[in-house]
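Notes follow once the structure below has been shown.
Taken together, the values in this text are just the output of simple stated rules run on the coordinates, not laboratory data. Bear in mind that the values here come from a model prediction, so they are computed numbers and not experimental data. Backbone-built Cβ (ideal geometry, glycine too); neighbour counts: all protein chains shown.
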Amino acid sequence: MRRILDLPLMVILMGIGAVAMFVPAFHAFVLRDYAISRPFFYSGTIFLILVALLSLATAANRPGHQARSHLLAMLGTFTVLPLMLAVPFNEALPDTGLFNAWWEMVSSLTTTGATLYEPARLAPSLHLWRAQVGWMGGFFILVMAVAVMAPMRIGGFEVLAGVGTSADDAAGRPGPIMRNVDPGTRIVRYAATLFPIYTALTFALWVALLLAGDPALVALCHAMSTLSTSGISPIGGTAYAPSGFIGEISVLLFMIPALSRRLWPGGGELRATDALRDDPELRLAAALVVIVPALLFLRHWIGALDVAEGQDLGMAAQALWGGVFTVLSFLTTTGFESHGWAEARGWSGLGTPGMILAGLAITGGGVATTAGGVKLLRVYALLRHGERELERLVHPSSVGGGGVVARRLRRDGAYMSWIFFMLFAMAIAVVMMALGMAGIAFEPAMVLGISALSNTGPLATLAVQEPLSWSILGADAKAVLAAAMVLGRLETLAIIALLNPEFWRS
């Protein structure tokens, strides 16, 4: 085992991907769908042999700079590894093409959940493969965020570390993750800690959805997609699931871990407060989940006073629930739509509140979770900085107070958050410009760009009046969006770190 763990990370991930191919192979075999079972079984076997050969060839090659090596491995995981994962998918669906299969795997592995195929076109085992790849991608980013990004102070950890500070935790105490431990050891430690919890939560949600009435495959795909925030579904989303309201309650509860890293093991590495109830990410998320649906509800409640539907408390409750579930779903960049969202839209008089959903997706979930977007902690730091600036306009000589963490959030944290927000906005502009050059109109380009950069694939179908189809895009537009998905998953600061000459000289 020690020799295996000493192998390059990319080789280990290729081995995990090869072993994972046997799951849809067995599933298709049980369903007697041998035309799909054979490609996955043969591909898994061939790639395992290839991994064994690569292991022998690279066993003696120890990287000189492990942090850089693992950051490059993360980039390779979201760009090169999907090519391997796409081989059995392409063979099982021969009329799709390897490029489209690679694009589908990039979307799944980055937990974006955008798809080129209608649900009815794919066999059950292919839906299982998509959800499984998304599930593995979510676990990968959970581990790498703490093991690799945290010591480098990127991925959201820079907000609490501040600028020019030592690699300590937010309260000024040395954190265990910041000690002189090589990244490989941290990856093994956190993978061993997180995997049982991640798997147990997925299994618990699967059982809950089964008891609520979902078929086994639908329940499993939705469970894996919820924990990974990929939003992948074999039936088009939870709005079409037989489990109905009970199933949505279960899914909502299991989306909460995407709001804060502190809800996962090892979350103490990113701690702005000692008490969980004072956690800034959870408080901001709770405020958004309460305020946004309440505003939508009040708007359509007032507009419905003069009609008979306005007195239907059942419809009012359904519309309110649809708003709460959908808001939390897009805030965590999962992208599931509630069965009551149509009532919430119609009753509020907003045919397609795309700006609301896009804003929630851009805000994103917790730092170092499976969620994408700008992240709640960065938005919270900007809000606190704005609040302090308004106080200084009224009372120029006032003292902000709040302790060392609050001061760091308002000053260095807000500064780093503003830099990231500007980079994110610039990335949206660049992606929109590239899509415009590919022949896509302004509004679709904006929605597709935000959807890809925030890793919220279902946004493209819900944020506009006429749902956008990923399948009708040209190859150049798909390539731009695939790059945007990878950029959104790794974040711009990680890409800038790779482009920094000092990073390569060290």
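From the Cα trace of the stretch 364-429, what convex hull volume per residue do you get, rounded to a whole Å³?
90
Compute, for the stretch 359-456, the length of the dipole vector about the Cα centre, with Cβ point charges of +1 (Lys, Arg) and -1 (Asp, Glu) only. Units Debye, rounded to 20. Display every interim value, and only then the final one.
On the way: 9 positive and 5 negative charges, 86 e Å.
The dipole magnitude comes to about 420 debye.
Could you run the Karplus curve 6.51 cos²θ - 1.76 cosθ + 1.60 with θ = phi - 60° over the stretch 94-104 and give me ³J(HN,Hα) per residue in whole Hz, x for Gly and Pro?
Coupling constants for the stretch 94-104: x, 8, 9, x, 5, 5, 5, 5, 4, 4, 5 Hz.
Lys/Arg Cβ at +1, Asp/Glu Cβ at -1, dipole of the chain taken about the Cα centre: which of Leu276, Tyr117, Phe40 is farthest positive-ward?
Leu276
Dipole magnitude of the stretch 278-505 about its Cα centre, charges +1 at Lys/Arg Cβ and -1 at Asp/Glu Cβ only, in debye to the nearest 20?
Dipole about the Cα centre, nearest 20: 840 debye.
Starting from 0.36 nm per residue, how many nanometres of slack lie between Met422 and Leu499 once their C-alpha separation is accounted for?
Roughly 25.9 nm would be gained on extension.
What are the ³J(HN,Hα) couplings of the stretch 124-133, residue after residue, when phi is run through the Karplus curve with 6.51, -1.76, 1.60 and θ = phi - 60°? Round to Hz, x for glycine and proline.
Calculated HN-Hα couplings, in order: x, 5, 6, 4, 4, 5, 4, 5, 5, 5 Hz.
Residues of the stretch 183-220 with the amide nitrogen closer than 11 Å to a label point 7 Å from the Cα of Leu5, along Cα-to-Cβ, please.
Within reach of a label on Leu5, which here means backbone N under 11 Å from a point 7 Å along Cα→Cβ, the stretch 183-220 contributes 184-193.
Using the C-alpha gyration tensor of the stretch 278-505, what are the square roots of 5 times its eigenvalues, in whole angstrom, with the largest one first? Show your work: numbers first, answer last.
Numbers: eigenvalues 203, 156, 38 Å².
Equivalent ellipsoid of the stretch 278-505: 32, 28, 14 Å, largest first.
How would Met355, Met446, Met433 line up from fewest to most surrounding beta-carbon atoms within 10 angstrom?
Met355, Met433, Met446
Please list the non-local residues whose amide H lies under 5 Å from the amide H of Val464, H modeled 1.01 Å from N, same-chain partners needing a gap of 5 or more.
Hits under the 5 Å cutoff: none.
Please arrange Val367, Val290, Val399, Val447 by how many other C-beta atoms lie within 10 Å of their C-beta, fewest to most.
Ascending Cβ contact count within 10 Å gives the list Val399, Val290, Val447, Val367.
Could you check the simple spin-label distance between Leu211 and Arg283, using points 7 Å along Cα→Cβ, in nm with one decimal?
3.5
Within the chain, which is the longest segment containing none of the trypsin sites (Lys or Arg not before Pro) that sit in a DSSP loop and have at most 12 other Cβ atoms within 10 Å?
180-506
How big, on average over all directions, is the shadow cast by the Cα convex hull of the stretch 86-166, in nm²? Walk me through the numbers on the way to the answer.
Numbers: hull surface 26.0 nm².
That works out to 6.5 nm².
Would you work out which of Leu382, Phe336, Leu493 lies farthest towards the positive end of the dipole of the chain? Charges go on Cβ: Lys and Arg +1, Asp and Glu -1.
Positive-most Cα among the choices belongs to Leu493.
So what's the back-of-envelope 222 nm ellipticity for the chain, counting only DSSP H runs of four-plus at -39500 (n - 2.57) apiece and dividing by all residues, rounded to 500? Please list the in-between numbers first.
Numbers: 24 runs with 323 residues, N = 506.
Only helices count here, giving -20500 deg cm²/dmol.
How big is the stretch 434-506 along each principal axis, measuring the range of its Cα positions in Å and listing the largest first?
On the principal axes, the stretch 434-506 reaches 51, 22, 18 Å in Cα extent.
For each of Phe254, Phe140, Phe336, count neighbouring Cβ atoms within 10 Å of the residue's Cβ, then give the residues from fewest to most.
Least crowded to most crowded, the residues run Phe254, Phe140, Phe336.
Give the span of the stretch 316-394's Cα atoms along each principal axis, as three whole-Å numbers ordered largest to smallest.
So the three principal-axis extents are 44, 33, 20 Å.
Can you tell me the relative contact order of the chain? Whole percent, Cα pairs under 8 Å, sequence separation 6 or more.
Relative contact order for the chain comes out at 17 percent.
Kirkwood-based Rg over Rh for the stretch 244-298 (C-alpha set), two decimals? Write down the numbers at each step before the final one.
Values: Rg = 13.5 Å, Rh = 12.7 Å.
That ratio equals 1.06.
About its Cα centre, what dipole magnitude does the chain give when the only charges are +1 on Lys and Arg Cβ and -1 on Asp and Glu Cβ, stated in debye to the nearest 20?
1580
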